[in-house]
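A quick write-up on the structure given underneath.
The values are calculated or read from the model by the stated rules, or taken from the named source; none is laboratory data. Predicted model only: the values in this text are computed from it and were never measured. Heads up, the Cβs are rebuilt from the backbone with ideal geometry, glycines too, and the neighbour counts pull from every protein chain shown.
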Amino acid sequence: MQEKLMDLKDAIASFVKDGDSIVLGAALENAIPFAATHELIRQGFKGLNMIAPISDISTDMLIGAGCANEVTGAWVGNVSGGLGHNYRRAAERSIPHPIKINDYTNFSIGMAFFGGAYGLPYIAVKSILGSDILKSNPNIKLAEDPFTGEPVALVPALKPDVAFLVVQRADRFGNSHYWGSYGLTQEASIASEKIIVLANEIVEPEIISSDPSRVVIPGFGVNAVCEVPAACHPAPLIGCWKRDNEFFHDYHKATREVDGFKAWLDEWVLGIPDHAAYRAKLGDRLEELRIKGEALSAPANYAAE
C-alpha cells in the first residue's frame with residue numbers, strides 16, 4: 001500500500017487549485033479543519049466554492065480573505081455569535097467581492113452528498129417543499145413523484161473537488177479512525193474527488209486495523225494524510241480538544257468591521273508561517289483545551305474462531 005503522509009502545506013499545494021469546490025465542516029460543529037482554512041488563505045487561492053452544512057467561521061474567513069466567491073451550504077457564521085460578518089458584507093454589499101450563494105438546508109445538502117457518494121444524479125426529498133429553498137436555489141427542481149403523484153424536490157448530487165477531514169488518528173497509508181458525531185463525514189468524503197485527512201496523531205497501522213469499525217475513511221480513497229495536532233482549533237474534537245468558546249467570540253467582535261478582520265487575519269493567519277506556529281502562539285491556552293479525562297468505550301471482540 002502506498003504511503004500518503006505529507007506536510008499540510010505541500011498537500012494543499014498539490015491537490016487544490018483555484019476555482020475548486022471544497023468541503024469544510026462535514027462533521028457539523030465538530031472537527032472543522034481550521035488549519036486547512038488558514039493554509040488556503042496563506043497560499044492565496046481564488047474562486048473557491050465552499051461546501052458545508054455548517055463551517056462556522058471557517059468559510060467566513062475565506063470570504064473575507066478574498067479566497068471564496070461561492071458558498072454551497074445551509075449557513076455561514078459563528079455558531080455562538082451569529083451570522084458571519086464577512087459573509088454578510090459580501091452578500092449584502094459585495095465586500096470584498098460579490099458571492100454566489102447556493103442555498104440548502106442541512107438535510108438537503110446531506111442528501112446531495114449522499115447522491116454524490118452513491119453515483120446518483122439526484123435525491124428526491126419532501127422536507128423543503130414548505131420553504132423558500134426552491135426559490136433561492138434554482139438547481140433544486142420541483143417534480144412529481146411518479147409513484148404517488150405527490151410533489152417532491154429533486155436535489156442534484158454534489159461531487160466536490162476536495163474534502164478536508166479532521167480525524168483523531170490515522171496511519172501513514174491514510175487509513176483513519178474517527179469517533180463521535182460523524183455529521184456528513186462519510187458521505188462528503190466518498191462524494192469528493194480528492195480527500196486530504198488532517199490527523200491529530202499518526203499511529204502504526206496495527207492500531208487502525210485493530211478496530212475496523214472506526215475506519216470511516218479507508219486509505220485507498222485518501223490522497224494525502226497530514227499529522228496536524230489541534231487542526232480543528234477553535235472547534236472541538238471528541239476525546240482530544242474542547243471548544244474554544246472565547247476564541248469564537250473574540251473573532252466575532254474583531255471582525256465586525258473590515259479593518260478589524262484584516263488586523264485579525266494578519267495576527268492569526270498571514271503573520272505566522274504554519275499551524276505549528278499557530279499552536280505556539282496559542283501557548284498555554286491550547287493546553288488548557290486538551291481533554292485529559294477518559295470515558296472509554298467497551299472493547300469489541302473481532303475474533304473469527
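Test GLY44 against the criterion of being farther than 23 Å from ILE190 by Cβ and outside any helix (DSSP H, G or I), and give yes or no.
Judged against the criteria, GLY44 is a match.
Out of the residues in the range 243-257 meeting the condition of being in contact (Cβ under 8 Å) with a residue 12 or more places away in the chain, surrounded by 14 or more Cβ atoms within 10 Å (Cβ to Cβ) and in contact with a helix residue (DSSP H, G or I) (Cβ under 7 Å, 6 or more places away or on another chain), tell me which one is farthest from LEU40 (Cα to Cα).
Filtering first and then ranking leaves ASP244.
Which is surrounded by 18 or more Cβ atoms within 10 Å (Cβ to Cβ) and in contact with an Asp or Glu (Cβ under 7 Å, 6 or more places away or on another chain), of VAL71, VAL125, VAL76?
After applying the criteria, what remains is VAL76.
Looking at the range 272-305, which of its residues are acidic (Asp, Glu), exposed (fewer than 11 other Cβ atoms within 10 Å of the Cβ) and more than 16 Å from ASP244 (Cβ to Cβ)?
Within the range 272-305, GLU294, GLU305 meet the criteria.
Looking at the range 175-187, is at least one residue assigned to a strand (DSSP E or B), of a type outside the set (Asp, Glu) and either within 24 Å of ASP284 (Cβ to Cβ) or without any contact (Cβ under 8 Å) to a residue 24 or more places away in the chain (or both)? Working first, answer last.
First pass over the range 175-187, keeping only residues assigned to a strand (DSSP E or B): 176-177.
If we keep only those that are of a type outside the set (Asp, Glu) as well, we get 176-177.
Of the ones still in play, those that are also either within 24 Å of ASP284 (Cβ to Cβ) or without any contact (Cβ under 8 Å) to a residue 24 or more places away in the chain (or both) are none.
Checking the range 175-187: not a single residue is assigned to a strand (DSSP E or B), of a type outside the set (Asp, Glu) and either within 24 Å of ASP284 (Cβ to Cβ) or without any contact (Cβ under 8 Å) to a residue 24 or more places away in the chain (or both).
Which residue pairs have Cβ atoms closer than 8 Å, lie 6 or more positions apart in sequence or on different chains, and pair a first residue in the range 136-147 that is assigned by TED's automatic domain parsing to the domain that holds LYS126 with a second residue that is loosely packed, with under 11 Cβ neighbours inside 10 Å?
Every condition considered, the pairs that remain are GLU144/GLU150.
For the range 141-161, which residues satisfy the criterion of being in a loop (DSSP other than H, G, I, E, B) and touching a helix residue (DSSP H, G or I) at 6+ places or on another chain (Cβ under 6 Å)?
Listed by number, the residues that qualify are ALA157, LEU158, LYS159.
Is it true that LEU129 is in contact (Cβ under 8 Å) with a residue 24 or more places away in the chain, farther than 30 Å from MET61 by Cα, assigned to a loop (DSSP other than H, G, I, E, B) and in contact with a Leu (Cβ under 9 Å, 6 or more places away or on another chain)?
On the way: in contact (Cβ under 8 Å) with a residue 24 or more places away in the chain: yes; farther than 30 Å from MET61 by Cα: yes; assigned to a loop (DSSP other than H, G, I, E, B): yes; in contact with a Leu (Cβ under 9 Å, 6 or more places away or on another chain): yes.
So LEU129 passes the test.
Looking at the range 9-30 only, could you name the residues that are at pLDDT 95 or above and under 15 Å from the mean Cα position of the chain (by Cα)?
Residues of the range 9-30 that are at pLDDT 95 or above, as a first pass: 9-23.
Scanning the range 9-30 gives ILE12, VAL16, ASP20, SER21, ILE22, VAL23.
Among the numbered conditions (1) of a type in the set (Asp, Glu); (2) surrounded by fewer than 20 Cβ atoms within 10 Å (Cβ to Cβ); (3) assigned by TED's automatic domain parsing to the domain that holds SER14, tell me where GLU150 comes up short.
All conditions pass for GLU150, except number (3).
Consider ILE190 carefully, then state whether it is within 17 Å of VAL23 (Cβ to Cβ), of a type in the set (Val, Ile, Thr) and touching a Phe, Trp or Tyr at 6+ places or on another chain (Cβ under 6 Å).
no
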